[in-house]
Structure formats: structure tokens, C-alpha cells
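The values are calculated or read from the model by the stated rules, or taken from the named source; none is laboratory data. Note that the structure is a prediction, hence the values are computed from the model and not measured. Every residue, glycine as well, gets a Cβ built from its backbone with ideal geometry; the counts of neighbours run over all protein chains shown.
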Amino acid sequence: MMYYVYLILSKKLDKYRSYVGYTKNISNRLYLHNNSKGAKFTKGRKWKIVYLKKYKSKIMAMKEEYKLKKNYKLRKELISQYKENENFNTASL
């Protein structure tokens, strides 16, 4: 079974918010976040995946999620890379 660590991004009133998590089913998890049924922090916003990485074990995914949650500098770097590479359209958030 595969586990995923993800970073999602949302924009509201010219303010960006990011959220990090892990899951077994990334499409279902994103659906829950976008329909206000995910984590409390993500309610009422529309989210886009900006980073996604696969892991073979839950333990490894949880360790990497923790590292990414605590490393704000890395989160900022991943978000800026996404914006550059994907021709990020802020209107779609």
C-alpha cells in the first residue's frame, strides 16, 4: 500500500495558506478538503496540490509529513517552484 505526503495551497483575499498532510487516497483527501469535510484548518477554501510524494510505508510518510510541516523555508521553496513551473494562475484558487 502506498502513502502520500502532500502540500496544498489556497488563496483568499490576497493571502496564501498552505497545509501539509499524508493520506492513502490523495484524490479523496483533496475532495474532502475542498468540500469542507477535511481538517478544520482547510474548511471554506479551495485547495490545489503543489507537492506530492509517494512512500511505501505509513511510518516513512508520517516522518516526512512532520518534517515538511515544521520546515517553513522548504514549504515556501516548494510553493515558489510550483508557481514558476506550472504557470500558476492565482485566479483559479
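At a glance:
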item: Test: residue in the range 3-24 that is assigned to a helix (DSSP H, G or I), in contact with a strand residue (DSSP E or B) (Cβ under 8 Å, 6 or more places away or on another chain) and at pLDDT 95 or above; result: no
item: Boolean, Tyr66 is of a type in the set (Ser, Thr, Tyr), over 16 Å from Met2 (Cα atoms) and touching a Phe, Trp or Tyr at 6+ places or on another chain (Cβ under 8 Å); result: no
item: Residues within the range 1-47 that are of a type in the set (D, E, K, R) and buried (at least 18 other Cβ atoms within 10 Å of the Cβ), tallied; result: 2
item: Members of the range 25-62 found to be in a helix (DSSP H, G or I) and among the polar types (S, T, N, Q), listed by number; result: Ser27, Asn28, Asn34, Thr42
item: Cβ-Cβ under 6 Å pairs, at least 6 apart or on other chains, the range 4-17 side over 26 Å from Lys58 (Cβ atoms), far side among the β-branched types (Val, Ile, Thr); result: Lys11/Thr90
item: Residues of the range 42-63 satisfying the condition of being more than 12 Å from the chain's Cα centre (by Cα) and either of a type outside the set (A, V, I, L, M) or under 24 Å from Glu77 (Cα atoms) (or both); result: Lys43, Gly44, Arg45, Lys54, Tyr55, Lys56, Ser57, Lys58, Met60, Ala61, Met62, Lys63
